[in-house]
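Structure, as structure tokens:
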2 protein chains.
Amino acid sequence: MGDRVLPARIAAVRAFNRFYTRHIGVLRKDYLASPFSLTQARVLYELAHRRQPTASDLARDLDLDAGYLSRLLQAFEARGLIQRTRSSADGRQQHLVLTRRGRRSFAPLDARSQRDTAVMLRRLPPAGQARLIAAMRTIEALLSAERARAAVAGRPSRRSAR
Amino acid sequence: MGDRVLPARIAAVRAFNRFYTRHIGVLRKDYLASPFSLTQARVLYELAHRRQPTASDLARDLDLDAGYLSRLLQAFEARGLIQRTRSSADGRQQHLVLTRRGRRSFAPLDARSQRDTAVMLRRLPPAGQARLIAAMRTIEALLSAERARAAVAGRPSRRSAR
DNA sequence: CCGAAATATTTGACTTAAGCAACTATCTCG
DNA sequence: CGAGATAGTTGCTTAAGTCAAATATTTCGG
């Protein structure tokens, strides 16, 4: 198993990771005005876009510690943002749903993120926008295909490499 | 100033941001084995790749709190990883340099990140690698041009919108 | 050159985020 | 049934990050 990957390519990927780390950090700052942390916002986003996920669904997909998430959800419930109902199929799990109030709280956050993204895009000419998005799609496609391959390579039938 | 940005484009960008947030989170995990946190690693990286930056250079570029950074640097100095010398040009600032020991400590971290990136790239066919990197370059170019434009639009001569 | 305002860094006090391990309640399956 | 798995909770601890006040220098108008 030789190296075979051009150093320049490695450097380019790492440069991008640094760049985007910073970029996402900037976005993170923008969330600061809201009453939610970035992690909370990510959880709310998932809750808003799925049908009745369980806590472990969220923990797995957002890669959050179960204990941390549990407390986070407790706080959401205390604030009346979500409702939790024990699964009838499996009594250990609970299905999570945003309440009307939860949706109302999340809406401005989502709207703001949408607006900020629009502002950013508007600074680019339409052709630039298209190129940006095409590039993003390319990366997503390549990296997720890559990750699938890695999973197969890792172990034939395990759920995650915890 | 109308909206004018296609909703599908906004959604695509936001999807990518979520995707990459997760992706970077995974990378973050990989750093856990090292004796440095992600932020520490980022600081070390900057120290390794610049000539005598000041603390405020780092704080600005990595978007770190000055107080937090100050303590971080103190710890590095205590561990003998960096040396700080007061600037002769401006006595308030100090120039930071990695010591030999600092470089030695950083080397394996850097090597590991390099190796991990290589592993990831190796899973893609060469053409895929090229497409990935081209896409990354495209995004970097578009977003940094965009940011420059935003700065100009914001205020004609301010250093940052703190 | 003086003094006000700006800048770089430090320090103290505090809040929040996150991680780990142990524990309870359910479920699965031979 | 009984030995693991799995879902979620709780207690405990540490790391990360924030904020404000303080100190030392520098800059610059008048």
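List of remarks:
- Globularity ratio of chain A, using Cα Rg and 2.2 N^0.38 Å: 1.28
- In chain B, the beta carbon lying closest to the axis that superposes B onto A belongs to the residue given here with its whole-angstrom distance, B:135, 2.
- For chain A, the longest principal axis of the alpha carbon atoms and the long axis of helix A:7-31 meet at an angle near 30°.
- 3J(HN,Hα) couplings calculated from phi for region A:75-88 with the Karplus curve 6.51 cos²θ - 1.76 cosθ + 1.60 (θ = phi - 60°) are, in sequence order, 5, 4, 5, 4, 7, x, 8, 10, 10, 10, 10, 4, 6, 7 Hz; Gly and Pro show x.
- Long-range HN-HN contacts of residue B:124 with modeled amide H, under 5 Å: none
- Placing a label point 7 Å from the Cα of residue A:6 along the Cα-to-Cβ direction, the distances to the matching points in the other copies come to 3.2 nm, shortest first.
- Fewest neighbouring Cβ atoms within 10 Å first, the residues A:105, B:144, B:34 line up as B:144, B:34, A:105.
- Taking θ as phi - 60° and the Karplus parameters 6.51, -1.76 and 1.60, the scalar couplings of region A:44-55 work out to 4, 4, 4, 4, 6, 10, 10, 9, 6, x, 9, 4 Hz in sequence order, x denoting glycine and proline.
- Pairwise centroid distance, computed over Cα atoms, of region B:79-111 with region A:3-72, Å: 31 Å
- For residue B:15, net neighbour charge (Lys/Arg +1, Asp/Glu -1) across residues whose Cβ lies under 12 Å away: +4
- Debye equation applied to the C-alpha atoms of the protein assembly as shown, log10 I(q)/I(0) at 0.10, 0.14 Å⁻¹: -0.73, -1.36
- Under the Karplus curve 6.51 cos²θ - 1.76 cosθ + 1.60, θ = phi - 60°, whole-Hz ³J(HN,Hα) for region A:94-105, x wherever Gly or Pro sits: 10, 8, 10, 9, 6, 7, 4, 4, x, 4, 5, 5
- Close amide H partners of residue A:95, meaning residues 5 or more places away or on another chain with modelled amide H under 5 Å apart, are A:85, A:86, A:87.
- Between residue A:82 and A:77, A:99, the built amide H atoms are under 5 Å apart, and every one of these is 5 or more places off in sequence or on another chain.
- Net charge in the neighbourhood of residue B:130 (other residues with Cβ under 11 Å of its Cβ; Lys, Arg +1, Asp, Glu -1) is +3.
- Dipole magnitude of the protein assembly as shown, debye to nearest 20 (Cβ charges: Lys/Arg +1, Asp/Glu -1, about Cα centre): 60 debye
Read-outs throughout are calculated quantities, based only on the coordinates presented, and are distinct from any laboratory measurement. Quick caveat, the model's predicted, so the values are computed rather than measured. Using ideal geometry, Cβ is built from the backbone for each residue, glycine included, and neighbour counts are taken over all protein chains shown.
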